[in-house]
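Okay, structure first, notes after.
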Amino acid sequence: MYASRTTEFIVGIFGLVGIAALSVLAFTLGRVPLVAPAHYTVYAMFDNVSGLKVNDAIQIAGVKVGKVSTIDLSQKNQRARVTLQIHDGVTVDDQAIASCKTSGIIGDKYVAISIGGGDPLKEGGLINQTESCFVLEDAIAQLMNNTGSKGSSGGAPESSPAASPTTSNHKDSDSIGAPPGLSDPKGSSKSSEKGKK
């Protein structure tokens, strides 16, 4: 009787420890801190935030200083409005530049903030200067279009008159007189007959 109760107690403890470990792992992988640090909120408007997700990092000089809270579409100007949660004690001014960047070539997106020299933003402030996310597919498509346009324009000079010899050049070369001593045989026979007479 006592052995069975002890076994149940030990199994229950191991079960609680397992659940706690799984919870910590889930919060860690989901980038959700167990205790949220104090922060303030600012906003940034982007033309394109393709690949940027909620909870992606915000960095200043390579140091994480916050996270992306929400991403939605502004009904006023049809631009992407990104809500940035900045840790308390980190100052972002009204001349700062928020850029959507990528870790490596195909890594995760993050928002990099370059500090300017303006006045500090307060709760609910707006970062006016932004740089949209780099989209690899758009860059490849633009490169293909540029290559195609160059190829079509590059073939034009081959068929243009300036690139090929003209017929007038051939006529000029054909009309060049023969060297001295190689005159027309008919003309030389006529002159010899005149001399005999």
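Condition check ((1) open to solvent by 60 Å² or more (accessible area, probe 1.4 Å); (2) in a loop (DSSP other than H, G, I, E, B)) across all residues:
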position: Pro37; (1), (2): yes, yes
position: Tyr43; (1), (2): yes, no
position: Val54; (1), (2): yes, yes
position: Gln59; (1), (2): no, no
position: Val68; (1), (2): no, no
position: Thr83; (1), (2): no, no
position: Ile86; (1), (2): no, no
position: Thr91; (1), (2): yes, yes
position: Ile106; (1), (2): yes, yes
field: Among (1) at pLDDT 80 or above; (2) open to solvent by less than 90 Å² (accessible area, probe 1.4 Å); (3) more than 23 Å from Val63 (Cβ to Cβ), the one test that Met144 misses
entry: (2)
- prompt: Which of the residues that make up the range 70-81 are within 23 Å of the chain's Cα centre (by Cα) and open to solvent by 40 Å² or more (accessible area, probe 1.4 Å)?
  reply: Thr70, Ile71, Asp72, Leu73, Asn77, Gln78, Arg79, Arg81
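The values are calculated or read from the model by the stated rules, or taken from the named source; none is laboratory data. None of these values were measured; they are calculated from a predicted model. Cβ sites come from the backbone with ideal geometry, for glycine too, and all protein chains shown count toward neighbours. These area figures cover heavy atoms from the full protein model, side chains too; ligands, DNA and RNA do not enter into them. Shrake-Rupley method; radii C 1.70, N 1.55, O 1.52, S 1.80 Å.
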